[in-house]
Amino acid sequence: MQKTLEKYIPERAVALCITLIKDNGVNLKIVNQRVTRHGDYRKLPDGSHKITVNASLNKYRFLITLVHEIAHLVAFERFGRQIKPHGLEWKRTFQGLMLPFIHPDVFPNKVLPLIANHFKNPSASSDTDARLSLALKQYDEQLKENSYVFEIPIGSVFRIHNGRIFKKGNRKVKRYECSELATGKMYLFQPNAEVELIKD
């Protein structure tokens, strides 16, 4: 397991992750990229715990995702299955599990303050924290040629990963209102959503 984890997470995080995995009986599976999620946790019918994480994630996002999913397992085991998946119990558990990793030996100095700030009140996905998400994307192996919603002018037409086409509208608090061209329906997009610009 050590050799495998060394390929996917920061070296100084490996020993602690192995302890988390073993102590919680995790069956870790590294899978091909899924667009809709970075990772997943499931309790299987035999009582074992299966966690999947996308192989395509950079080492910092992989680590956050792995600990995020282990936090689901620990929170459900500690507080019961009736808790909200990303409720207060999960947030506190995630904070506690991440604390030993929030260290300059694990994360780069320029990301560390953003990580520390995010974990004051962790959200269901680090992607919803636009500043942290953009900082983490700088470590992706191949930076995509796509644009971010916040970069393109209002009125621009863009395509998302599943082929649907939208027109960018105004910003509403933290997100942008965008209308789907085929249906006219309005959707809210995070500023750091990656899109393919068709025309501006």
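Any read-out appearing in this document is the output of simple, stated calculations on the displayed coordinates, not a laboratory observation. Keep in mind the model is a prediction, meaning the values are calculated, not measured. A quick note on method: Cβ atoms are made from the backbone with ideal geometry, for glycine too, and the neighbour counts reach across all protein chains shown.
Values as computed for the structure displayed
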item	result
Test item: Cα-centred dipole of segment 130-200, Lys/Arg +1 and Asp/Glu -1 on Cβ, debye	380
Fully extended contour minus Cα-Cα distance, from I83 to H103, at 0.36 nm per residue	4.2 nm
Those trypsin sites (Lys or Arg not before Pro) in segment 66-172 that DSSP places in a loop and that have at most 14 other beta carbons within 10 Å	R81, K110, K120, K144, R164
Residue-averaged 222 nm ellipticity for the chain, from DSSP H runs of 4+ at -39500 (n - 2.57), nearest 500	-9500 deg cm²/dmol
Anisotropy class of segment 85-160 from Cα gyration tensor, a/c 1.5 cut	oblate
Overall dimensions of the chain as given by Cα atoms, namely Rg and Dmax in Å	18.2, 53
GluC sites (Glu not before Pro) within segment 127-181: DSSP coil, no more than 12 neighbouring Cβ in 10 Å	E141, E145
Share, in percent, of DSSP beta bridges within segment 1-138 that are antiparallel, nearest 5	45
Under 5 Å, built H, 5+ apart or other chain: amide partners of L28	I51
Flagged links, alpha-carbon separation over 30 Å, of K110/K199; K29/K199; K50/K91; K3/K43; K43/K91	K110/K199; K29/K199
Computed over the chain: relative contact order in percent, which uses C-alpha pairs under 8 Å that are six or more apart	14
Using a Förster distance of 25 Å, the FRET efficiency for S56-L181 (Cβ separation, nearest 0.05)	0.30
When segment 147-199 is reduced to its Cα atoms, the Kirkwood hydrodynamic radius in Å	10.6
